[in-house]
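Here is the structure we will look at, set down as structure tokens.
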Amino acid sequence: MDYRRDIPLVITFLVGVIAVLDYYTTIPAVISTFTVIKNWGVVLSAFALGLGAVNLFRVHGRRISERKGSDWILSAWLLLMIVLFVVVGLGTGKFDASSQYQWIYNALYMPISATMYSSLCFYMSYGSYKILRARNFDSFLLFLTAVFVILGNTPIFPANAPVFFHIREWIFTAIVGGGYRGIKIGIGIGAVVIGIRTLIGLETGYLGRR
């Protein structure tokens, strides 16, 4: 008997059965038990975040101490921001409700995020150019669809010719909506299959083994 494998499988099976019973039944004992399990899940998630922070300090601290290349400055900036956010959040006791915390977030995080997303615009434009080249009939249909969507999203064209807006709505409702429903159905079936395989012990990827 391999305890390192069998005990996690038993725990997963019991928790999964309790979760299913909590969803389909109203037994008070099951509801209270699953509430305790969810609370433990929150505690474990907090420990996982702490472990991730420790790992960040370990990896980037080594990079700072070695100082190979010029990117160690970025590692130092990352660790400095982590410490700054934690100190300000814990010092004020309000985290995101604190005016100091909000100022740091709006003055540092938001401009960096805007810069990152603005730089992605160039990569998205180049990727769109490569994808929308009409090399065959299928790519021509994709290009034509993209043109109608762009024209429908641009206010000047629907204002002067409402047909562009109606075409855009039809594309989103019929084509995109139909494809998205198929994807959701496939994801749902896959999730059910993975859940059943996990409950009966056939799916052991979460154990770190193949």
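The values are calculated or read from the model by the stated rules, or taken from the named source; none is laboratory data. For clarity, every value in this text was computed on a predicted model and none was experimentally measured. Note: ideal-geometry Cβ built from the backbone for every residue, glycine included; neighbour counts use all protein chains shown. Heavy atoms of the whole protein, side chains included, go into the accessibility calculation; ligands, DNA and RNA do not. Shrake-Rupley method; radii C 1.70, N 1.55, O 1.52, S 1.80 Å.
Just checking my list (i) 1.06; (ii) 1.53; (iii) 1.00 against Cα Rg over 2.2 N^0.38 Å computed from this structure; which label fits?
Entry (ii).
Taking Cα centroids, how far is the stretch 124-171 from the stretch 53-103 in Å?
Value for the Cα centre distance between the two parts: 43 Å.
Under a plain spin-label model, where a point goes 7 Å from the Cα along Cα-to-Cβ, how far apart in nm are Tyr23 and Lys184?
1.6
By accessible area of protein heavy atoms, probe 1.4 Å, what ranking do Ser32, Ser70 get, highest first?
The residues order as Ser70, Ser32, largest area first.
Using 1/(1 + (r/R0)^6) with R0 = 22 angstrom and r between the beta carbons of Val43 and Ile7, what's the FRET efficiency to the nearest 0.05?
After rounding, the FRET efficiency stands at 0.65.
With every protein chain left in place and a probe of 1.4 Å, what is the accessible surface of Val176, to the nearest 10 Å²?
70
For the full complex of protein chains and a 1.4 angstrom probe, list Leu21, Leu80 by accessible area with the highest value first.
Leu80, Leu21
Just the accessible area per residue of the chain, please: how many Å² with a 1.4 Å probe?
Computed with neighbouring chains in place, this is 77 Å² per residue.
Please find the FRET efficiency linking Tyr105 to Ser128, where r is the Cβ-Cβ separation and R0 is fixed at 35 Å, and quote it to the nearest 0.05.
E(calc), rounded to 0.05, equals 0.65.
For the chain, what does the relative contact order come out to in percent, with C-alpha contacts under 8 Å and a separation of six or more?
Relative contact order comes out at 18 percent.
Can you give the helix-only mean residue ellipticity at 222 nm for the chain, where every DSSP H stretch with n ≥ 4 adds -39500 (n - 2.57) and the sum goes over all residues, rounded to the nearest 500 deg cm²/dmol?
Helix contribution divided over all residues of the chain: -26500 deg cm²/dmol.
Between Phe57 and Leu90, what is the FRET efficiency for a Förster distance of 25 Å, r being their Cβ-Cβ separation, to the nearest 0.05?
Taking R0 as 25 Å, the efficiency between Phe57 and Leu90 is 0.90.
For the stretch 1-140, with all protein chains present and a 1.4 Å probe, just round the carbon and sulfur fraction of the accessible area to a whole percent.
71
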